[in-house]
Amino acid sequence: MTGERTLTRNFHRPDAHTLAAYRGTGGYTAWEKAQTMEPAAITEEVKKSNLRGLGGAGFPTGMKWSFIPKNHTGPVYLVINADEGEPGTFKDRYLLERDPHALIEGMLIAARAIRSAVGFVYIRGEYVEPWRRFSAAAREATDAGYLGRGFDVVVHRGAGAYICGEETGLISSLEGRKGWPKLKPPFPAIKGAFGAPTIVNNVETICHLPHIINRGAGWFASLGTKTQGGTRMYSVSGRVKRPGVYEASVAITLRQVIYDLAEGVTGNGRLKAVVPGGSSAAILRADEIDVTMDVDGLKNAGTMAGSAGVIVMDETVSIPEALMVVARFYAHESCGQCTPCRESTGWIYKITERIVEGRGRKEDLDTVLDVARRGAGTTICAFYDGAVGPYISYIEKFRDEFEALIPK
């Protein structure tokens, strides 16, 4: 159940990032085909493919595009989220480095569908080589006439803020302001960058478009599950024999990702827990990994597909220490705009640190759970809701480990 490799098909080629290599494997033929299609027909094809966002939320891509107001006559913007700040996730950087023209061709197709003349690529500030590679590819595409004739691409580097992975925070940063999320509605598709309708898509999501246009929605849908089509790239790290990025069907199980793709567990060789979708995803125990990796499969298991950052822990890993590291990250990265998030993330980090250091109190665990639950759903963006996933699941599923560190 690994599925057909499309996104990573050129990764083995040292020149895969060049225009010549991309054209040599059929690059830009989908764009030629898309130019013969009406914008609405492209959107409809993407809807039928069951392509869902692969950056975190998993929202149906074609449906998102259809939210652009039909009677709008002003500018429409396409924004690519290449910030990739989710701990445990390192897939988009490979696409930017090794197959940047796939993103450019995908952007051309998406831009035609939503009638956009300008696209922005917001790249994580620390991604120096991906930025260089993609910028060079954009220059090649401009010289070849793919860009600059009705659609231009602006490459924008972020400054390393996790909150700018949230689409409205990203837009604020893109506009030159503090990367603070905004209340929704209005959603970006109605009022986004510079006050205009804006579609924000993830790198991996857009890179699928050339294959969907070339080979058809039915083909792509058949690679996945009933509610999500295609393949996706899994970033596998932690206690595994072969950490790395693997492309496989979204119908693959978490067990197959760990044991077939990453070749099993290192350390003492006994699996203890897995984070299936980046640090924001609720943790799963070793007996919960027979679940498909699509959006709905992981949602039904009480966690989320997120960015498909699979973090594997063997039995030597301390769950309290793991939570402390995650809590420290969220306390540091909260933008501070909303009181529940600003105060609770810092408070929970201090409590978990105290427990790990052997200075915990018997009421601490219930305090963390209570604070986490009270704050969920009360903030402007989903940052705190994402932090709540590990706060609650780590303690509920491994409470005995935490209690063992608290003095009697």
How many nm separate the modelled label positions at Glu126 and Glu403, each set 7 Å beyond the Cα in the direction of the Cβ? 3.7
On a 29 Å Cα-Cα criterion, which of the cross-link pairs Lys184/Lys299; Lys48/Lys91; Lys184/Lys350; Lys70/Lys178; Lys178/Lys226 come out too long? Lys184/Lys350; Lys70/Lys178; Lys178/Lys226
Aspartates and glutamates whose Cα lies under 17 Å from that of Lys272, excluding same-chain neighbours fewer than 8 positions away: Glu263, Asp287, Glu288, Asp290, Asp314, Glu315, Glu321, Glu396, Asp400, Glu401
Distance from the Cα centre of the stretch 86-115 to that of the stretch 324-403, in angstrom? 33
Helix axis angle, 319-333 relative to the chain longest principal axis, alpha carbon, degrees: 50
Where labels lie 7 Å past Cα in the beta-carbon direction, separation of Lys241 and Asp287 in nm: 2.6
Of all DSSP beta bridges with both partners in the chain, the antiparallel percent, nearest 5, is 40
Per 0.36 nm of contour for each residue apart, how much would the distance between Lys362 and Glu315 grow if the chain were fully extended, relative to their Cα-Cα spacing? 14.5 nm
Angle in degrees between helix 128-143 and the longest Cα principal axis of the chain, rounded to the nearest 10: 10
Please compute the length gained on full extension between Thr73 and Trp219, using 0.36 nm multiplied by the number of residues separating them and subtracting their Cα-Cα distance. 49.1 nm
Integer Hz, Karplus 6.51/-1.76/1.60 couplings in order for the stretch 348-362, x for Gly and Pro: 5, 4, 5, 5, 5, 5, 5, 5, 4, 7, x, 10, x, 10, 5
Show me the ranking of peptides 182-191, 237-246 by mean Cβ neighbours inside 10 Å, starting with the highest. 237-246, 182-191
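Where a number appears in this text, it was derived from the coordinates with a stated rule and is not lab data. Just so we're clear, the structure is a prediction, and the values are computed from it rather than from any experiment. Ideal geometry is used to build each Cβ from the backbone, glycine not excepted, and the neighbour counts take in all protein chains shown.
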